[in-house]
Structure formats: structure tokens, C-alpha cells
1. In nm, to one decimal, how far is the Leu12 label point from the Ala126 one, both placed 7 Å along Cα→Cβ?
2. For Tyr169 and Thr20, what does the FRET efficiency come to when R0 = 41 Å and r is the distance between their Cβ atoms, rounded to the nearest 0.05?
3. Mark the label point 7 Å from the Cα of Met182 along Cα→Cβ and return the residues of region 92-117 whose backbone N is within less than 17 Å of it.
4. What is the distance, in nm, between label points placed 7 Å from the Cα along the Cα-to-Cβ direction at Ser118 and at Thr157?
5. Tell me the label-point distance for the pair Asn4, Glu136, using the 7 Å Cα-to-Cβ offset, in nm and rounded to one decimal.
Amino acid sequence: MLRNVFLALIALIIAFGGGTLSAWYAVSRFDGFGALSIGQWTAHPEAGTPYSDPYAKARAAREGAFPLGSTEGLAFYAYNDDRGEALDRQCSYKVEGNSPNSRFWTLYAADRSLTALSPGMERLPAMHSRQILRKEDGAFIVNVSPKARPGNWLATTGNGRMVLVMTLYDTPVGSNSGLVDMTFPTVTRISCDG
């Protein structure tokens, strides 16, 4: 009798614990289905549309996110540098390349929950396509660093991992049929203080 109660209790613990952990993973860590990856950058074109998967909807509801509609724009996320290592706030990075095909874009650093990092006093929290300095061929370099850098500088603060978020507005990238040249900048680690 006691053995049956013990086995039933173990089965309940496994079922409840497994269900709780899988729900937490799906809402907190799982990015959802239908991801579009271009180099180091990943986006979810169906987020904010009726075709979004239930996991993405649950995560957006949990985080209070308000994703752009498919005709408004598309947010791309870079979690790792060009060597596959997680982006760190204490390190300096170079975001270099050409602009993705869009009318306007923004770039900012965020924590892992996608909350924008506060850059501190008298520093801009984000950069956009109309304020950056470019080379003659249209390419650009943005220095992402906790220390001041010449040229285009995106300041970071704090410790821990971070995410670079590039939001493209009025872009055909999400509905690409092979006719759009999708070029994205690379994220390269320069140095690390931490």
C-alpha cells in the first residue's frame, strides 16, 4: 500500500515538474517556429501576425512585447559574435557592413529579456540609419563598447550578456522571394575587459 502511494507521488512530481519546466522553457527560452536567420541575425517574420505560433504569442504576452506588424517592420537579433560566442556588455564589438534593404533602421543594445540598456548620462541609447557616418561605398562601422570610441559609438553599461537589436522599417526582407539582396552587417569582437 505504502509502495503504491510512493510510486503515485513520484509520478505526480515528475508530471508536475516536467510540465512546469517545459512550459517555462517554451515561454522563456524557446524562440518559436518560423525563424529567419541571415548570418548572425535572427528574426521572426510571423510575430505580430495571426500566423504566429502559440509559443511566440505566449512569450510576447508574458514579456508585454508589442511586435511590429508584417507591413511595419521587422526586428533582427544578434546574440553571438562572428565566432559564436555570446555578446558581453564588458566587451567591445564592431558592427560592420552594409545596411539591410529598408527605408529606415535602428540599432540598440538590450539585455537578454530585450529591455534596452541604459547608456548613461549624455549618451544616445540607440543609433539609426540617418545619423551614422558611412564610408564612400555606403558601408558603415558601429563601435559597440562601454568605452568611448571614435566614429559611430553605441554605448553599453553593466555586466552580463546582451543582445543587439536591429529593427528594419518598411522592408521587404520578411517577405523575401529571392529578389531582394539581403546583406547584414557582421558583429566582430574587438576586445574584452571582463
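Only the coordinates and a few stated rules stand behind these numbers; no lab work does. Source: prediction; values computed, not measured. Note: ideal-geometry Cβ built from the backbone for every residue, glycine included; neighbour counts use all protein chains shown.
1. Label at Leu12, label at Ala126, 4.9 nm between them.
2. On the way: r = 39 Å, r/R0 = 0.94.
With a Förster radius of 41 Å, E is 0.60.
3. Answer for region 92-117: 98-103.
4. Inter-label distance under the simple model: 0.5 nm.
5. Distance between label points: 8.7 nm.
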